[in-house]
Every structure is written in structure tokens, then in C-alpha cells.
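Comments concern the structure below.
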């Protein structure tokens, strides 16, 4: 006869003393994990770029020792080129997303194009032992890489007509804040909770809205400095401590407290963003009033 399974840790289970076990349900977070994210450009081509060198390495072992060494070296160079290409595309996407940004310190995609030509040349040279075809094919491969993925940003991007020192100051401050967000993301991944990861992503979206606001108006850097510094670092430190505590016993109360903490923090960041927008509108109105007063003094009234 069939018997329904039950135990202390089942939904309707009881403790050893016969008392009912307390039911604990985690709060459901209705935030999509992909909200605010954009698909990575050239993702399919980059994945294929990683697979092809591996196929070459498998076939290299069926050749002579010299040809095998040459093919393995060419495959390794192509793998390095694929890795640089992926990082270069990510750096370019981050550069394009910002309104104030410095060009990448290392031109990854340019180096990747050169390595693609070298790796392809080594593979051709290992099969024919002729330098001329290797140089020609390698040059064509490097040119095709540039045509497919483009070049790295070569100039800093800032506000036209703005003070360069102020622009670099904003870019440096946002770079530091982005590193803090990356550390916060890495920390929450250790909790192995997809819903918490989505919640942290939603908070980071609100923080990045402040980044864009500061980039549009450098005067907002002063009121936002504490949020981009002390408060953001506090959120990172609290996340690290939460992950350590939550990893020990998976206490649902600690999880609920952390979510409430993120809610309060995100509300404060959103309020600061709204306040900066209001201040910008107030400054705009003041500028208009001052200009109108000056024109009236010059006996040039504005119609309407």
C-alpha cells in the first residue's frame, strides 16, 4: 500500500517531540534577472573564436613533432587573441555607455588583431613550411578581425567645452565606484541565490543612473560624492558580511534583513537622483530669470 512520505523537514513535518515545525518562506523577489541588461555584441563570433583554436589543437597531435609544436603555438596565440577580443568588446561597451569616459589603457582589440594574424600565420606555416603564404594569410586574418570587431576607442570622451580636469575627475570617481559595484556583484554570487543576485543588479541600476546624472552635469558630483563613496562602500561591506553570515546557516531572517537594507538604500539613491534633477531645473529657471532681468535693464523686453 502506498504511503505518503513525511518527516521533520517536509512541508507538513513535525519535530521529534510531536510539535509542528514552524513554516518559513523566503520573500519572493519579482525582479527579472535580465532587467536592464543588454545582449553582448559579437557574442556568437567571440564564442566561435574560442572553439576553433581548440579544434586545431586536437588535430595537431596527428602530425610530426615540429608541425605539432607549430600548430599548438598557433592555437595558443589564437586563444589569447579571442580572450583579448572579448575583453576589448566589453571595455568598448562600457565606454559607449558612459558620457564621460577615458579610452581603454590597453588597446585590446588591436592587439587581438595582431595576434590573430600571427596565430593564423603559424598554422599555415606549420603545414606548408613556406613563409610567403603564412604572411599573406596572416595579414588577411588580421584585417578580417579589424573588419569584424573594429578598433578600440582611441580618444577620451567627455563634455564638449567642459573643464578637462573636471571631466577627468568625474571619470576617475565613476571608475572607482564601478570597481566597488563589481566587488559587490562578486560577493553576492558567493551566496548562490539567483534572486538576491537579481536584487543587487536592480540596486546597481539605480546607482548607475546617478553615474549618468553626474556625467551630464558635473555640478552634481559634489552632492553625490558621499553616495558614490561612503554609502556605496558601506553597501559593499554589508554585502560581504551578509554573504559570510548567510553561508553558515542560510538563516531566512538575515536574508530578509539584507533585502530590507537594499530597499532602503535604493530608495535613498533614487531620492538623491530626483533631488539632483530638481536642483538642475531650479538652476535653469534662475538662469532664465537673471537673463530676462538683464535684458529688461537694457530696454529689450522679451515678448510673451
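Quick note: the coordinates plus some simple rules give every number you see, no bench work behind them. None of these values were measured; they are calculated from a predicted model. So basically every Cβ, Gly included, is an ideal-geometry build from the backbone, and we count neighbours across all protein chains shown.
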Inset, instruction - Tell me the label-point distance for the pair residue 135, residue 64, using the 7 Å Cα-to-Cβ offset, in nm and rounded to one decimal. - result: 2.3 nm
Inset, instruction - Report, in whole Å, the centroid distance computed from the Cα atoms of segment 190-238 and segment 91-147. - result: 35 Å
Inset, instruction - Mind giving me the FRET efficiency for residue 54 and residue 157? R0 is 35 Å, r the Cβ-Cβ distance, nearest 0.05 is fine. - result: 0.45
Inset, instruction - Only residues of segment 178-214 count here: report those whose backbone N is under 17 Å from the spot 7 Å along Cα→Cβ of residue 225, or say none. - result: 211, 214
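Could you grab the relative contact order for segment 43-149? Cα pairs under 8 Å, six or more apart, rounded to a whole percent.
Dividing the mean separation by the residue count of segment 43-149 yields 27 percent.
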Inset, instruction - Would you mind calculating the gained length between residue 186 and residue 143 on full extension (0.36 nm times residue separation, minus the Cα-Cα distance), in nm to one decimal? - result: 11.8 nm
Legend entry - segment 159-251: relative contact order as a whole-number percent, Cα under 8 Å and 6+ apart: 43 percent
Legend entry - Long-range tail of P(r) for segment 94-199 (Cα pairs > 23 Å, %): 56 percent
